[in-house]
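> Handing you a structure now.
The values are calculated or read from the model by the stated rules, or taken from the named source; none is laboratory data. None of these values were measured; they are calculated from a predicted model. Every residue, glycine among them, receives a Cβ derived from its backbone with ideal geometry; neighbour counts consider all protein chains shown. What goes into the accessible areas is simple: the full protein's heavy atoms, side chains included, and nothing from ligands, DNA or RNA. Shrake-Rupley method; radii C 1.70, N 1.55, O 1.52, S 1.80 Å.
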Amino acid sequence: MYPSVNVEENFMDIRHSIMTACEKSGRAASSVRVVAVTKNVGVPTIHRVLAAGIYDIGENRVDTALEKMSAVTHNKAVWHFIGSLQSKKAKHVASAFTYIHSLDRLRLAQALDKRLDQHCPLKCFVQVNVSGEKTKAGLRPHEVKDFIAALADFPSLQIVGLMTMAPFVRNAEEVRPVFRALRLLRDDIQSLQLSHAPCKALSMGMSNDYQVAIEEGATFIRLGTSLVGNETLR
Ligand SMILES: *Cc1c(COP(=O)(O)O)cnc(C)c1O
């Protein structure tokens, strides 16, 4: 057995940090939604997350996510797909997830749209590679506006916002410019008032940098290790 982490206790600490970051930046704590990233933990820990009152669950691999979903009994769970997605697996994401945070190409948009019902659109974040690291997925910032304009062709996709992953650094202050750049890009797109792309949300910030991300406007933070630990390590 893995030593079980205390999700509830971790969440109390995290909530405190969220409140501090919100106070610093004049935001309401209720404007920040925690997505529990459960990719490295099993179903019992997902049940602890849900029991702690966190209903947004993030997974990054289709096959294991579907297995976990079928074993999770809680009916309030809202599933977020946060990983890179092959177009051939799009149908599973379209049918089982409420959000995708990693929309990064038209072929994938088309594959998702084809499987969806217009009355029940998929909420999409467009993933942006702000820092330009070669290993990171996502569009470069200058490509995002045209990409989002082209997504108007897919009526079952609702573009709710932008997502980024910042480079891993020891001092989170170093990645503040990455978060700020994503916010400014979001502001630009939001001001276009596209009906298919309200683009109000910002999915940014992970365990090591979420306070800074919140100060820069994050509305969804994606927390794995700091909230649920990692059961694949021993
Ligand atoms: C794993 C992962 C996270 C969570 O990372 P932690 O550092 O464990 O909080 C967030 N976003 C994405 C896209 C991930 O793959």
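> Which pairs have Cβ atoms under 7 Å, sit 6 or more apart or on different chains, and link a residue in segment 15-32 that is under 19 Å from ASN208 (Cα atoms) to one that is of a type in the set (Gly, Ala, Ser)?
Partner pairs satisfying both residue conditions: ILE18/ALA29; MET19/ALA29; CYS22/ALA28; CYS22/ALA29; VAL32/ALA218.
> Inside segment 1-51, can you point out the residues that are over 14 Å from THR225 (Cβ atoms), at pLDDT 95 or above and in a loop (DSSP other than H, G, I, E, B)?
Of everything in segment 1-51, those that are over 14 Å from THR225 (Cβ atoms), at pLDDT 95 or above and in a loop (DSSP other than H, G, I, E, B) turn out to be SER25, GLY26, ARG27, ALA28, VAL32, GLY42.
> Same structure again: What's the total number of residues in segment 66-78 that are basic (Lys, Arg) and surrounded by 12 or more Cβ atoms within 10 Å (Cβ to Cβ)? Write out each step before concluding.
Filtering segment 66-78 down to residues basic (Lys, Arg) leaves 68, 76.
Filter once more, keeping what is surrounded by 12 or more Cβ atoms within 10 Å (Cβ to Cβ): 68.
Within segment 66-78, residues that are basic (Lys, Arg) and surrounded by 12 or more Cβ atoms within 10 Å (Cβ to Cβ) number 1.
> Any idea which of (1) surrounded by fewer than 24 Cβ atoms within 10 Å (Cβ to Cβ); (2) at pLDDT 95 or above; (3) over 28 Å from PRO177 (Cβ atoms) is the one LEU122 doesn't satisfy?
Here LEU122 clears every test but (1).
> So, ASN60, is that one at pLDDT below 95 and of a type outside the set (Gly, Ala, Ser) or not? I'd like the intermediate steps shown before the answer.
Values: at pLDDT below 95: no; of a type outside the set (Gly, Ala, Ser): yes.
Taking the combined requirement at face value, the residue does not satisfy it.
> Just the residues that are touching a helix residue (DSSP H, G or I) at 6+ places or on another chain (Cβ under 7 Å) and within 21 Å of VAL32 (Cα to Cα), please, taken from segment 77-102.
Applying the first criterion (touching a helix residue (DSSP H, G or I) at 6+ places or on another chain (Cβ under 7 Å)) to segment 77-102 yields 77, 79, 81, 85, 87, 89-90, 92-94, 96, 100.
Of everything in segment 77-102, those that are touching a helix residue (DSSP H, G or I) at 6+ places or on another chain (Cβ under 7 Å) and within 21 Å of VAL32 (Cα to Cα) turn out to be ALA77, TRP79, PHE81, ILE100.
> How many residues are in a helix (DSSP H, G or I) and near the ligand (Cβ under 8 Å from one of its atoms) if we restrict to segment 220-234? Steps first, please.
Taking segment 220-234 and keeping what is in a helix (DSSP H, G or I), we get 225-228.
Pick out the ones that are also near the ligand (Cβ under 8 Å from one of its atoms) and you get 225-227.
Within segment 220-234, residues that are in a helix (DSSP H, G or I) and near the ligand (Cβ under 8 Å from one of its atoms) number 3.
> Out of the residues in segment 174-202 meeting the condition of being buried (at least 20 other Cβ atoms within 10 Å of the Cβ) and part of a helix (DSSP H, G or I), tell me which one is farthest from the ligand (Cβ to nearest atom). Walk me through how you get there before you give the answer.
Taking segment 174-202 and keeping what is buried (at least 20 other Cβ atoms within 10 Å of the Cβ), we get 175, 178-179, 182, 185-186, 189, 197, 199, 201-202.
Subset that is part of a helix (DSSP H, G or I): 175, 178-179, 182, 185-186, 189.
Working: VAL175: 13, VAL178: 14, PHE179: 14, LEU182: 14, LEU185: 18, ARG186: 18, ILE189: 21 Å.
Applying the filter and picking the extreme gives ILE189.
> Still on this structure, I have one more. Quick one: GLY205 ticks every box in (1) in contact with a helix residue (DSSP H, G or I) (Cβ under 8 Å, 6 or more places away or on another chain); (2) in a helix (DSSP H, G or I) bar one, so which box is it?
For GLY205, the exception is condition (2).
> What do you reckon, is GLU59 closer than 18 Å to THR98 by Cβ and among the acidic types (Asp, Glu)? If you could, list the steps in order and put the result at the bottom.
On the way: closer than 18 Å to THR98 by Cβ: yes; among the acidic types (Asp, Glu): yes.
For GLU59, the condition - closer than 18 Å to THR98 by Cβ and among the acidic types (Asp, Glu) - is met.
> How many residues does segment 205-219 hold that are closer than 18 Å to LEU184 by Cβ, within 9 Å of the ligand (Cβ to nearest atom) and open to solvent by 10 Å² or more (accessible area, probe 1.4 Å)?
Total satisfying the criteria: 0.
> Oh, and also: Given the criterion within 16 Å of the ligand (Cβ to nearest atom), open to solvent by 10 Å² or more (accessible area, probe 1.4 Å) and within 20 Å of GLY161 (Cα to Cα), identify the matching residue among ASP63, ASP113, ASP56. I'd like the intermediate steps shown before the answer.
Working: ASP63 fails: within 20 Å of GLY161 (Cα to Cα); ASP113 fails: within 16 Å of the ligand (Cβ to nearest atom).
Being within 16 Å of the ligand (Cβ to nearest atom), open to solvent by 10 Å² or more (accessible area, probe 1.4 Å) and within 20 Å of GLY161 (Cα to Cα) holds for just one of ASP63, ASP113, ASP56, which is ASP56.
> Conditions first: (1) closer than 26 Å to VAL212 by Cβ; (2) out of contact with any Lys or Arg (no Cβ under 6 Å at 6 or more places or on another chain). GLU59 passes all but one, so which condition is the exception?
(2)
> Considering only residues of segment 15-48 that are within 15 Å of the ligand (Cβ to nearest atom) and polar (S, T, N, Q), which is surrounded by the fewest Cβ atoms within 10 Å (Cβ to Cβ)? Walk me through it before giving the result.
From segment 15-48, those within 15 Å of the ligand (Cβ to nearest atom) are 17-18, 32-41, 45-46; that's our starting set.
Now restrict to residues that are polar (S, T, N, Q): 17, 38, 40, 45.
On the way: SER17: 13, THR38: 25, ASN40: 15, THR45: 20.
Here the residue is SER17.
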